[in-house]
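Contents: one structure, followed by commentary.
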Amino acid sequence: MWFKPWKQNKVDPLDQVVRDRLPRHIAIIMDGNGRWAQKRALPRSMGHRAGVEALRKVVKACSKLGIEVLTVYAFSTENWKRPKDEVGVLMTLLTEYLRKELQELHQNNVLIRTMGRIADLPREAQHELEHSMESTRNNTGLILNLALNYGGRSEIIDAVRKLSKDVLMGKLRIEEIDEEGFSKALFTSGLPDPDLLIRTSGEMRLSNFLLWQLAYTEIVVVDELWPDFGQKALLEAIKVYQKRDRRFGGIHTN
């Protein structure tokens, strides 16, 4: 079971964060699977498998905390450039994760959502995604948003095409296009922008992730490779976030 009760007389680590200052939406760039495997003289596929277990721990913790949305960068549009065998492993792990975890995700009120050019994924992966989203569509807990075949630039291009088509069809006037309308044309339509972005493995770049949505997101970069990231590291990142002074371009006055 996911939610095993903590032993008596022990403080729940999740109570170490300020509950009324939690981020609504956490986004994560899950980086470092390959390096984790390399350090252990293991094939890269083992790093990806260890990364799936890290995701399971983080989803569990976010659900228990009451986080509204968790968006994870699972497969980018650039990842197709990787060796064919590695891409195959990633697609297999995706379908395995959905099959093995769907029941517990559903039981714990998690809603599964995707973003990206899903139609270009292998048919088996599409089928599992469709089944998982349909099975959890009425859930009201954590939204697990899987970024698959996703790129921030391609997302913006797709939104521009969608709005341009509406203009050409007479459904929209050019002067009516604003930030709110543009946001609704993105894959994240209906979701709040991320409050906190976590990137593992110490890399200092966005890697074409949520380029529009991250305008005022607090960024926390951690040294842990993704397979080593778990509840403790998540809580530490949230604590860092809670110490930030979010002004959204303005100033705070006393």
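Computed quantities for the displayed model
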{"quantity": "Output for the range 128-157, where each listed residue is under 15 Å from Leu210 (Cα atoms) and touching a residue at least 40 places away in the same chain (Cβ under 8 Å)", "calculated": "Asn145, Leu146, Ala147, Leu148, Asn149, Tyr150, Gly151, Gly152, Arg153, Ser154, Glu155, Ile156"}
{"quantity": "Count - residues of the range 48-83 that are in a loop (DSSP other than H, G, I, E, B), within 16 Å of the chain's Cα centre (by Cα) and either surrounded by fewer than 22 Cβ atoms within 10 Å (Cβ to Cβ) or of a type in the set (Ser, Thr, Tyr) (or both)", "calculated": "2"}
{"quantity": "Filtered residue count, the range 36-47, keeping only those that are assigned to a helix (DSSP H, G or I) and either out of contact with any His (no Cβ under 9 Å at 6 or more places or on another chain) or among the hydroxyl-bearing types (Ser, Thr, Tyr) (or both)", "calculated": "7"}
{"quantity": "Complete set of residues in the range 94-113 that are of a type in the set (S, T, N, Q), open to solvent by 20 Å² or more (accessible area, probe 1.4 Å) and either free of Cβ contacts under 8 Å to residues at least 40 places away in the same chain or in a helix (DSSP H, G or I) (or both)", "calculated": "Gln103, Gln107"}
{"quantity": "Residue count, the range 201-244 (criterion: under 14 Å from the mean Cα position of the chain (by Cα) and at pLDDT below 95)", "calculated": "0"}
{"quantity": "Residue match in the range 9-16 (condition: in contact (Cβ under 8 Å) with a residue 40 or more places away in the chain, farther than 26 Å from Leu111 by Cβ and either part of a helix (DSSP H, G or I) or open to solvent by 20 Å² or more (accessible area, probe 1.4 Å) (or both))", "calculated": "yes"}
{"quantity": "Qualifying positions in the range 231-243 - surrounded by 13 or more Cβ atoms within 10 Å (Cβ to Cβ) and either without any contact (Cβ under 8 Å) to a residue 40 or more places away in the chain or under 23 Å from Ser76 (Cα atoms) (or both)", "calculated": "Ala233, Leu234, Glu236, Val240"}
{"quantity": "When residues of the range 198-230 are limited to those that are within 20 Å of Arg35 (Cβ to Cβ) and outside any loop (DSSP other than H, G, I, E, B), the one most open to solvent (accessible area, probe 1.4 Å)", "calculated": "Asp228"}
{"quantity": "Pairs with Cβ under 6 Å, 6+ apart, first in the range 71-93 and closer than 16 Å to Met46 by Cα, second of a type in the set (Val, Ile, Thr) and open to solvent by 30 Å² or more (accessible area, probe 1.4 Å)", "calculated": "Leu93/Val52"}
{"quantity": "Residues within the range 205-225 that are touching a strand residue (DSSP E or B) at 6+ places or on another chain (Cβ under 6 Å) and either farther than 17 Å from Gly151 by Cα or β-branched (Val, Ile, Thr) (or both), tallied", "calculated": "5"}
{"quantity": "Subset of the range 141-197 that is under 22 Å from Val58 (Cβ atoms) and β-branched (Val, Ile, Thr) - its residue that is least open to solvent (accessible area, probe 1.4 Å)", "calculated": "Thr188"}
{"quantity": "Filter result (closer than 25 Å to Leu65 by Cα and in a helix (DSSP H, G or I)) within the range 132-191", "calculated": "Ser132, Met133, Glu134, Ser135, Thr136"}
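The values are calculated or read from the model by the stated rules, or taken from the named source; none is laboratory data. Please read all numbers here as calculations on a predicted model, not as lab measurements. Here the Cβ is made from the backbone with ideal geometry for all residues, glycine too, and neighbour counts use every protein chain on show. Side chains included, ligands, DNA and RNA excluded: accessible areas come from the protein's heavy atoms. Shrake-Rupley method; radii C 1.70, N 1.55, O 1.52, S 1.80 Å.
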